[in-house]
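These notes concern the structure reproduced below.
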Amino acid sequence: MQPRRMRLLREKHGISFAELSRHGGVSRQRLSEIELDTRPVSIHINRLVETAFAGLITARQRDLSALESDFQIYRNNLLDYADKEERL
């Protein structure tokens, strides 16, 4: 059986069913069934999966922007010890 592109994309980018589920309103179980081709896929489910990937991309972009900003602040002293009360 050929894998669905969804699975290839998920695996390439380290996306779990749980993470994808949070962004699309599709349960982890249903996502697994879609990948394993054990149940038919409706247009509605297809749209939910698309929404999940789009939401995940947006969330990861925000996370990366925050990381980039923090990195720019600390880039010259990343290996220094943090103050006891310091939180990023």
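Direction-averaged projected area, Cα convex hull, the chain: 8.0 nm², rounded to one decimal. Couplings for the range 11-23, taken from phi via the Karplus curve 6.51 cos²θ - 1.76 cosθ + 1.60 with θ = phi - 60°, read 5, 4, 10, x, 9, 8, 4, 4, 5, 5, 4, 4, 9 Hz in order; Gly and Pro are left as x. One chain, two ends: Asp37 and Glu11. Fully extended at 0.36 nm per residue, the span grows by 7.7 nm beyond their Cα-Cα distance. The GluC sites (Glu not before Pro) found in the chain that occupy coil by DSSP, while having at most 12 further C-beta atoms within 10 Å, are Glu85, Glu86.
Please check the chain for the longest run free of trypsin sites (Lys or Arg not before Pro) that are loop-located per DSSP (anything but H, G, I, E, B) and have at most 16 other Cβ atoms within 10 Å. That gives 5-83 as the longest site-free run. The charge dipole of the chain, taken about its Cα centre with unit charges on the Cβ of Lys, Arg, Asp and Glu (plus for the first two, minus for the last two), comes to roughly 540 debye. Here the relative contact order of the range 5-74, from alpha carbon pairs under 8 Å that lie six or more residues apart, stands at 31 percent. Net charge of the neighbourhood of Ala66, taken over other residues with C-beta under 14 Å away and scored Lys/Arg +1, Asp/Glu -1, is 0. Amide H to amide H, with H built 1.01 Å from N, Arg4 comes under 5 Å of no residue 5 or more places away or on another chain. Estimated from helical segments only, the mean residue ellipticity of the chain at 222 nm is -21000 deg cm²/dmol, where each DSSP H run of four or more residues counts as -39500 (n - 2.57).
Around Arg4, what is the net charge, scoring Lys/Arg as +1 and Asp/Glu as -1 over all other residues with Cβ under 10 Å from its Cβ?
Net of charged neighbours comes to +1.
Exactly which chymotrypsin sites (Phe, Trp or Tyr not before Pro) in the range 32-88 are in a DSSP loop and have at most 16 other Cβ atoms within 10 Å?
Passing sites in the range 32-88 are Tyr81.
Using the Karplus relation 6.51 cos²θ - 1.76 cosθ + 1.60 with θ = phi - 60°, the per-residue 3J(HN,Hα) values for the range 81-88 come to 6, 7, 5, 3, 9, 5, 10, 8 Hz, with x marking Gly and Pro.
Just so you know, all these numbers are worked out from the coordinates, no wet-lab data involved. Note that the structure is a prediction, hence the values are computed from the model and not measured. In this analysis, Cβ positions are derived from the backbone assuming ideal geometry, glycine residues included, and neighbour counts consider all displayed protein chains.
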